[in-house]
Amino acid sequence: MTRAVSSDGLVGRGMTEGAALFRGWFDRLTAAAAAGSPTAYVFVMGSLAEILRVFDFELSFPEINSLQTAVRHVAHEYLNQAEDYGYSPDICGYVKADIAVQLRKGAHPMGTLPPPALAVATNACNTYVKWAEIWERLYHVPVFTLDVPGTRRAGGQTWPGHPDFEADRRYVAAQIAELIALCEKVSGKRFDIDRLRETMGHTNAMTAAWKRVIALNQHTPAVFSALTEGTVYLGVANGFRGTREGRRYFTELVEEMEYKAARGLGTIDEERYRLAFVGVPCYPIFRRFNDMFSEWGGVFVNSTYLWFASGGADLGFEYDLEHPLESLAEGVLISVRHAMDGMFHQDRAIAGILEPFHIDGVVFHPIKSCRTVSTGLADSRRALMARTDIPSLFIESDMMDKRVVSEAQLKNRIDAFFEGLASRRQAHTSFGRV
Ligand code: SF4
């Protein structure tokens, strides 16, 4: 059971304020829809928020809008509408929920979402590119696709100073210059480099704090659940990137997590097993999914989702504000590449956290809707198992579609996993006593 301590108002503040920020954000989007204010549709992996905020675009994240329909248990209404309209049951559920929102003229459980004036996608997921084309057809708005060079081979990333990296950085910088010109055209506003420095400064503080928050979960007991609380923090990291509010939120979140770590306050009452989560959460039964683990004393202390769904912000890349444009290109390249690595080289990513986070087991959660993240997971698991004898669980469901979420089946598999973890621990303990 999740611990709820609030004696001095500090513990749990990140959750309360995160929810309040979310409500305020959707209220702003609703107001933008009514006023016709220019809104940019962006994605979590490479939102380019620092640039777009310079031109005062409201930011709408269709992935986040879509997952909210699942958390609020109405996703099936949206999925059915998109399927009736002609979209295949097999494509990404986020796309279908968004299409239904567009067909409903922005009507969403949290307000009314404005249509786009501009859409910005990256190549981090191939669905992004095709999804943005749908808005292009629906609204005849410009779509900007940023092509970020990814890792050519596992472990083969290059870094500043290497000729390949410098070529990649110039390639990204040239595209950012094109985006700035497009933003000037769409918004009718001149680019202001000092405002860019300001938004980048806010992002610097936020990403440093996000990295610190994740690192604080190396403490036993874990100070937050990467699956439940972590998803709320992640939402703020995306929606408020490059803003003063986001900076303040994360500064305070570090304070809360340090307070908990110093006092040994965990996120659940009795932590027995520390787990890593690989994949995308099961939003249709979001709380229940986590409870099936926490009832056994299992806590998700880290996840690849916290990395890739924050666009690689977990790296804590710090922009050089003396050279904002060059540094923005470098930061986007390194962070989005890292986000892609978090999806495509998950075995390597997880191997690096097993020891520092004292992981007892790894949960792989491939989902029907998201081929980008799920396709390689069985191989990732095999590769991880070849490196280590850490126990793992492989369970399948979906992040949107409750038709393919079988709670009873999941529970059987999860219970058996914990029984295995318990026997293993007992065997180790007995062996230690001999
Ligand atoms: S990463 Fe997966 S969930 Fe996200 S847009 Fe791509 S296919 Fe959909």
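Any read-out appearing in this document is the output of simple, stated calculations on the displayed coordinates, not a laboratory observation. Note that the structure is predicted; figures quoted are calculated from it, not measured. Cβ: placed from backbone, ideal geometry, glycine included. Neighbour counts: every protein chain shown.
Per the Debye formula with a single identical scatterer at each Cα and no solvent contribution, what log10 I(q)/I(0) holds for the range 390-434 at q = 0.22 Å⁻¹?
Scattering profile of the range 390-434, log10 relative to I(0): -0.77.
Add +1 for every Lys or Arg and -1 for every Asp or Glu among the other residues with Cβ under 11 Å from the Cβ of Leu315, and state the total.
Residues near Leu315 contribute -1 overall.
For the range 106-248, with the dipole built from +1 on Lys and Arg beta-carbon atoms and -1 on Asp and Glu ones, taken about the Cα centre, which of Leu118, Gly161, Ala205 lies farthest toward the positive end?
Value: Ala205.
Compute the helix-to-body angle for 193-216: its Cα long axis versus the longest principal axis of the chain, expressed 0 to 90° and rounded to tens.
Helix 193-216 sits roughly 10 degrees off the main axis of the chain.
If you bin every alpha carbon distance in the range 232-278 into 5 Å steps from zero, what whole percent lands in each bin?
Pairs per bin, as whole percents: 5, 17, 19, 19, 19, 15, 6, 1.
Convert 25 °C to kelvin, take the viscosity as 0.890 mPa s, use the Kirkwood radius over C-alpha pairs of the chain as Rh, and evaluate the Stokes-Einstein diffusion coefficient in µm²/s, rounded to a whole number.
Translational D for this selection: 110 µm²/s.
Where the only charges are on Cβ atoms (+1 Lys, Arg; -1 Asp, Glu), what is the dipole of the range 133-234 about its Cα centre, to the nearest 20 debye?
That gives a dipole near 160 debye.
For the charge dipole of the chain, defined by +1 on Lys and Arg C-beta atoms and -1 on Asp and Glu C-beta atoms about the Cα centroid, which residue among Ile414, Gly106, Gly18 has the Cα displaced farthest towards the positive pole?
Result: Ile414, furthest along the dipole toward the positive end.
For His365, what is the net charge nearby, where nearby means another residue's Cβ is under 13 Å from its Cβ and Lys, Arg count +1, Asp, Glu -1?
+1
What does the convex hull of the alpha-carbon atoms of the range 274-315 project to on average, in nm²?
If I average the Cα hull's projected area over directions, I get 3.1 nm².
For the range 272-388, what is the largest minus smallest coordinate of the Cα atoms on each principal axis, given in angstrom and ordered from greatest to least?
Taking max minus min along each principal axis of the Cα atoms, the range 272-388 gives 50, 31, 26 Å.
Could you state the per residue volume, in Å³, of the convex hull enclosing the Cα atoms of the range 7-111?
So the per-residue hull volume is 135 Å³.
Give me a comma-separated list of calculated 3J(HN,Hα) values for the range 64-79, in order, Karplus coefficients 6.51, -1.76, 1.60 applied at θ = phi - 60°, integers in Hz, x for any Gly or Pro.
After applying 6.51 cos²θ - 1.76 cosθ + 1.60, I find 5, 4, 5, 5, 4, 5, 6, 4, 8, 6, 10, 4, 4, 5, 6, 4 Hz.
Please report the antiparallel percentage of DSSP beta bridges with both residues in the chain, rounded to the nearest 5.
Restricted to the chain, the bridges split so that about 10 percent are antiparallel.
Treat every Asp and Glu Cβ in the range 314-408 as -1 and every Lys and Arg Cβ as +1, leave all other atoms uncharged, and give the resulting dipole magnitude about the Cα centre to the nearest 20 debye.
So the dipole magnitude of the range 314-408 works out to roughly 640 debye.
Would you mind calculating the relative contact order of the chain from Cα pairs under 8 angstrom and at least 6 residues apart, reporting the percent as a whole number?
Relative contact order of the chain: 19 percent.
For the range 346-397, compute the orientation-averaged projected area of the C-alpha convex hull (one quarter of its surface), in nm².
3.4 nm²
Using the alpha-carbon atoms, what tilt in degrees (0 to 90, nearest 10) does helix 93-103 show relative to the longest principal axis of the chain?
Taking the Cα atoms of the chain, the angle to 93-103 is about 40 degrees.
Size of the dipole of the chain about the Cα centre, Lys and Arg at +1 and Asp and Glu at -1 on the beta carbon, nothing else charged, in debye to 20?
The dipole of the chain has a size of about 540 debye.
For the range 164-273, what relative contact order do you get, as a whole percent, if you take Cα pairs closer than 8 Å and at least 6 residues apart?
32 percent
Just to confirm a number: summing +1 for Lys and Arg and -1 for Asp and Glu over residues other than Glu330 whose beta-carbon lies under 10 angstrom from that of Glu330, what do you get?
-3
Sort all Cα-Cα distances of the range 205-322 into consecutive 10 angstrom bins from zero, then give the percent of pairs in each bin up to the one containing the longest distance.
Bin by bin from 0 Å, the calculated values are 14, 46, 32, 7, 1, 0.
How much of the calculated P(r) for the range 143-297 lies past 24 Å, in percent of all Cα pairs?
55 percent
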